[in-house]
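Data block below; observations after.
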Amino acid sequence: MELIFATGNKNKLSEAQAIIKNHKILSLKDINCFDDIPETGNTIYDNAVEKALYLWKKYQKNCFSDDTGLEVDALNGAPGVFSARYAGNAKNSEENMNKLLKNLEGVENRTARFHTVVALILEGKIYSFDGIINGKITTEKRGDKGFGYDPIFLPDGFNQTLAELSLEEKNKISHRGMALEKMGRFLLQN
């Protein structure tokens, strides 16, 4: 089965293709979709469903999307649903990380979690899967693998940031990896 992943992010696409091996995963680029898909929800679940519904309504093809929020305890759960736009609408990862590190200067409690929701639409029916990874925010960027906030997120039980782990290591423990694994198991059973 072909599934359209509502992403233009090559890193996310690679993660999904490495986990969902029994199906052909297509990106937005693969279907010549260059739309600015809306993300106007108040929660990451709302955003994930909104993006998947957008594709379903436009193409009538099985699809899925994800949304992820980085929730930092000392910032009352921020940036949360606004993680991609934390430093502005440009969705610049470097600026987002710099703003977060600045906002946490001098703060001892750096506990945080990544929370991902994957919304899958099969033949018009919506299913959702989530994944959470707990950790803390480092005081400086480390590593050049990964993307987004990976260089400043240290998962519980590890001494390497997500950006210092290989794709295989990251997929085994990551929030998106967990949600995609759940979706993969669901697809095998249905």
Quick check, is Lys170 in a loop (DSSP other than H, G, I, E, B), out of contact with any Phe, Trp or Tyr (no Cβ under 9 Å at 6 or more places or on another chain) and surrounded by 14 or more Cβ atoms within 10 Å (Cβ to Cβ)? no
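Yes/no per residue for (1) open to solvent by 20 Å² or more (accessible area, probe 1.4 Å); (2) in contact (Cβ under 8 Å) with a residue 60 or more places away in the chain; (3) in contact with a Phe, Trp or Tyr (Cβ under 8 Å, 6 or more places away or on another chain):
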| site | (1), (2), (3) |
| --- | --- |
| Phe64 | no, yes, yes |
| Ser93 | yes, no, yes |
| Val107 | yes, no, no |
| Gly124 | yes, yes, yes |
Filter the range 142-169 for residues that are over 22 Å from Val81 (Cα atoms) and touching a residue at least 60 places away in the same chain (Cβ under 8 Å) and give the result. Leu167, Glu168
Scan the range 136-154 and tell me whether some residue there is closer than 30 Å to Met1 by Cα and of a type in the set (Asp, Glu). no
Residue within the range 1-23 that is of a type in the set (D, E, K, R), farther than 25 Å from Val81 by Cβ, modelled with pLDDT of 90 or more and out of contact with any Phe, Trp or Tyr (no Cβ under 7 Å at 6 or more places or on another chain) present: yes
Selection over the range 152-167 where residues are assigned to a loop (DSSP other than H, G, I, E, B) and modelled with pLDDT under 95 yields a count of 2
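The values are calculated or read from the model by the stated rules, or taken from the named source; none is laboratory data. Here the structure is a predicted model, which is why all the values come from computation and not from measurement. Here Cβ is always computed from backbone atoms with ideal geometry, including for glycine, and neighbour counts include all displayed protein chains. Heavy atoms of the whole protein, side chains included, go into the accessibility calculation; ligands, DNA and RNA do not. Shrake-Rupley method; radii C 1.70, N 1.55, O 1.52, S 1.80 Å.
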